[in-house]
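Trainee: Please read through the structure below; I'll follow up with questions.
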Amino acid sequence: MTTIPVPLKETNTAQYEEVLRQAYEKAIAYLASLDRAPVAATADLATLRRQLGRPLEARGIAAEQVLADLVADVEGGIIGSAGGRFFGWVIGGAIPAAVAADWVTSAWDQNAAIYATSPAASMAEEIVGGWLKEILGLPAGASFALTTGCQMAHVTALAAARHWVLEQKGWDHEEQGLSGAPEIRILASDQKHASVTRALRLLGIGRAQVVDLRTDSMSRVEAKALEEELERNPGAPTIVVLQAGDINTGGFDAFETLAPMAHARGAWVHVDGAFGLWAGASEKYRPLARGVELADSWATDGHKWLNVPHDCGFAFVAHPEAHRAALSENTSYATFVAEARNEMEWNPEWSRRARGFATYAALRSLGRDGVSGLVERCCKHAKSLGTRIGQLPGAELLAEPVLNQALVRFLDPKAGAGEAEHAQRTDDVIAAINATGEAFFTGSTWKGRRVMRISVSSWQTTDEDVERVVQAVGGVLRAK
Ligand SMILES: Cc1ncc(COP(=O)(O)O)c(C=O)c1O
């Protein structure tokens with residue numbers, strides 16, 4: 001066993017074999033432990049710093065030892081999001097075919113920058129883009145990009161939007177930048193995800209340029225609010241940001257009404273559909289997203305509801321020429337193959353992981369029915385968890401679950417308790433549930449109230465998990 005890797009010869013796979021075999025065994029042992037291990041992390045910051053904070057030696061260490069140490073040192077710091085009782089934030093699991101494809105992607109170590117650096121990676125993305133548009137019900141002619149996540153999908157799509165709205169005013173952003181450009185205004189849901197604001201900031205559009213649009217009790221933009229704002233300055237270059245799947249309620253904006261209204265004023269419509277766009281894959285839930293195809297751009301994730309391993313997001317743009325103009329940058333050494341998909345013309349990275357393979361595997365493994373089944377199963381579990389936890393003594397369901405999200409809170413039983421006490425109680429109950437190791441939830445503040453969010457996005461969640469979690473939450477409420 002040598003500590004200094006030597007170049008691999010055709011017959012010499014020995015350096016890989018033992019460590020990859022161990023990686024396989026450790027991965028399987030981890031996955032097998034998910035059902036009995038605590039879902040939350042059990043190690044604190046100091047412990048993890050001590051465990052992983054080994055000195056970096058001058059002399060290297062054998063790969064097998066590095067792996068064994070790594071697996072031992074992360075003990076207590078790996079959160080059970082790959083399992084079926086994790087409902088925090090919006091984080092999906094990873095289906096077997098996608099995990100396996102992700103492993104071979106690492107072995108292939110392709111640079112998916114352009115067709116020439118990996119023809120197969122480019123082709124996998126080309127195919128995957130078509131499948132995704134079909135399954136999500138987006139226009140067949142839309143261009144697309146595979147990004148690290150929805151955050152960068154927003155950056156990608158909104159860069160195209162910025163190009164387009166300024167071009168309408170005779171301004172070439174890619175040539176002249178933003179200095180001296182007509183001011184862009186953003187009309188966005190007041191419930192928008194913070195990744196939208198961050199994407200805008202990265203694109204040179206500050207918070208002061210964002211106008212919040214009033215929303216209703218399901219976090220849907222009120223048509224009147226959009227109409228009023230559009231009226232306010234009809235000539236301004238405008239991007240309207242709507243939501244397919246609000247992070248708290250799972251609510252959908254009324255695209256059918258709002259998109260034509262925005263288009264009539266020359267605005268671009270961008271949709272944050274990080275998880276909600278997947279409603280389009282199910283006949284049952286598709287009506288929630290009615291009219292979403294009328295938008296100009298969309299951002300969503302593969303690592304949330306499609307259950308592709310991190311990291312994986314998708315951007316789609318109905319105006320490919322604006323998309324390409326905003327993102328592409330040619331160089332003499334890039335060797336573009338004109339007839340092929342050169343990924344860097346569409347996404348914000350240069351060198352990058354060939355993440356199309358895992359998505360390709362996920363979609364083939366699930367098939368159209370499998371994706372639809374996954375969506376419907378998660379929605380069923382979210383509804384059941386929200387309703388049953390909401391019926392427990394001291395709990396309250398706050399919004400009728402429409403998708404894979406549910407909102408509950410826990411009420412302080414003391415006479416005269418107000419919002420502050422209920423908020424404290426909600427946070428305390430969340431912490432106590434997580435401490436049982438039986439489930440993992442996160443809190444949020446929704447329309448001024450502290451809430452526990454229930455987000456079901458994993459293929460692993462079963463009816464038994466739902467039962468087990470309801471029992472665990474009931475136990476915590478009885479004990480408190
Ligand atoms: C509605 C919404 N938009 C955007 C994002 C950002 O997605 P990502 O973390 O994949 O960048 C999230 C993440 O939770 C989300 O829920």
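The values are calculated or read from the model by the stated rules, or taken from the named source; none is laboratory data. Only a predicted model underlies this, so the values are computations on that prediction, with no experimental measurement involved. Every residue, glycine among them, receives a Cβ derived from its backbone with ideal geometry; neighbour counts consider all protein chains shown.
Trainee: Hey, could you check the stretch 266-284 for residues that are within 16 Å of the ligand (Cβ to nearest atom) and either among the basic types (Lys, Arg) or assigned to a loop (DSSP other than H, G, I, E, B) (or both) and say which is nearest to SER458 (Cα to Cα)?
Mentor: Checking each candidate, the answer is PHE275.
Trainee: Within the set of pairs 6+ apart or on separate chains, which have a first residue in the stretch 41-57 that is closer than 18 Å to GLY80 by Cβ, a second that is part of a loop (DSSP other than H, G, I, E, B) and at pLDDT 95 or above, and C-beta atoms under 6 Å apart?
Mentor: Short answer, once both residue conditions are applied: ALA41/GLY77; ALA41/ILE79; THR42/GLY76; ALA43/GLY76; ALA43/GLY77; LEU48/GLY77.
Trainee: While we're looking at this one, here's another question. Which members of the stretch 218-228 meet the condition of being more than 18 Å from VAL90 (Cα to Cα) and surrounded by 23 or more Cβ atoms within 10 Å (Cβ to Cβ)?
Mentor: Across the stretch 218-228, the qualifying residues are VAL221, LEU226.
Trainee: Sticking with this one: Examine the stretch 324-339 for a residue that is modelled with pLDDT of 95 or more, out of contact with any Phe, Trp or Tyr (no Cβ under 9 Å at 6 or more places or on another chain), surrounded by fewer than 24 Cβ atoms within 10 Å (Cβ to Cβ) and hydroxyl-bearing (Ser, Thr, Tyr), and state whether such a residue exists.
Mentor: Within the stretch 324-339, not a single residue is modelled with pLDDT of 95 or more, out of contact with any Phe, Trp or Tyr (no Cβ under 9 Å at 6 or more places or on another chain), surrounded by fewer than 24 Cβ atoms within 10 Å (Cβ to Cβ) and hydroxyl-bearing (Ser, Thr, Tyr).
Trainee: Restricting the search to the stretch 191-219, which residues are within 14 Å of the ligand (Cβ to nearest atom) and either closer than 25 Å to PHE255 by Cβ or not assigned by TED's automatic domain parsing to the domain that holds ASN248 (or both)?
Mentor: If the condition is that a residue be within 14 Å of the ligand (Cβ to nearest atom) and either closer than 25 Å to PHE255 by Cβ or not assigned by TED's automatic domain parsing to the domain that holds ASN248 (or both), then GLN191, LYS192, HIS193, ALA194, SER195, VAL196, THR197, ARG198, ALA199, LEU200, THR215, SER219 are the ones that fit.
Trainee: Looking at ASN307, is it out of contact with any Ser or Thr (no Cβ under 7 Å at 6 or more places or on another chain) and either modelled with pLDDT under 95 or within 16 Å of the ligand (Cβ to nearest atom) (or both)?
Mentor: Judged against the criteria, ASN307 is not a match.
Trainee: Can you tell me which of (1) in the same structural domain as ARG353 (by TED's automatic domain parsing); (2) outside any loop (DSSP other than H, G, I, E, B) is the one ALA113 doesn't meet?
Mentor: (2) is the only condition that ALA113 fails.
Trainee: Hey, another quick one. Within the group ALA406, ALA382, which residue is aliphatic (A, V, I, L, M), out of contact with any helix residue (DSSP H, G or I) (no Cβ under 9 Å at 6 or more places or on another chain) and farther than 30 Å from SER106 by Cα?
Mentor: Answer to the selection: ALA382.
Residues checked against (1) assigned to a loop (DSSP other than H, G, I, E, B); (2) more than 28 Å from MET261 (Cβ to Cβ); (3) in the same structural domain as ILE114 (by TED's automatic domain parsing); (4) in contact with a strand residue (DSSP E or B) (Cβ under 8 Å, 6 or more places away or on another chain):
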| residue | (1), (2), (3), (4) |
| --- | --- |
| LEU288 | no, no, yes, yes |
| HIS310 | yes, yes, yes, no |
| ALA322 | no, no, yes, no |
| ASN330 | yes, yes, yes, no |
| ALA338 | yes, yes, yes, no |
| ARG341 | yes, yes, yes, no |
| TRP350 | yes, yes, yes, no |
| THR359 | no, yes, yes, yes |
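Trainee: Which numbered condition trips up GLU421, out of (1) surrounded by fewer than 17 Cβ atoms within 10 Å (Cβ to Cβ); (2) outside any helix (DSSP H, G or I)?
Mentor: Here GLU421 meets the rest and fails (2).
Let's see how each residue does on (1) within 16 Å of the ligand (Cβ to nearest atom); (2) within 18 Å of GLY149 (Cβ to Cβ); (3) assigned by TED's automatic domain parsing to the domain that holds ILE28:
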{"site": "GLY76", "(1), (2), (3)": "no, no, yes"}
{"site": "ARG85", "(1), (2), (3)": "no, no, no"}
{"site": "GLY92", "(1), (2), (3)": "yes, yes, no"}
{"site": "TRP108", "(1), (2), (3)": "no, no, no"}
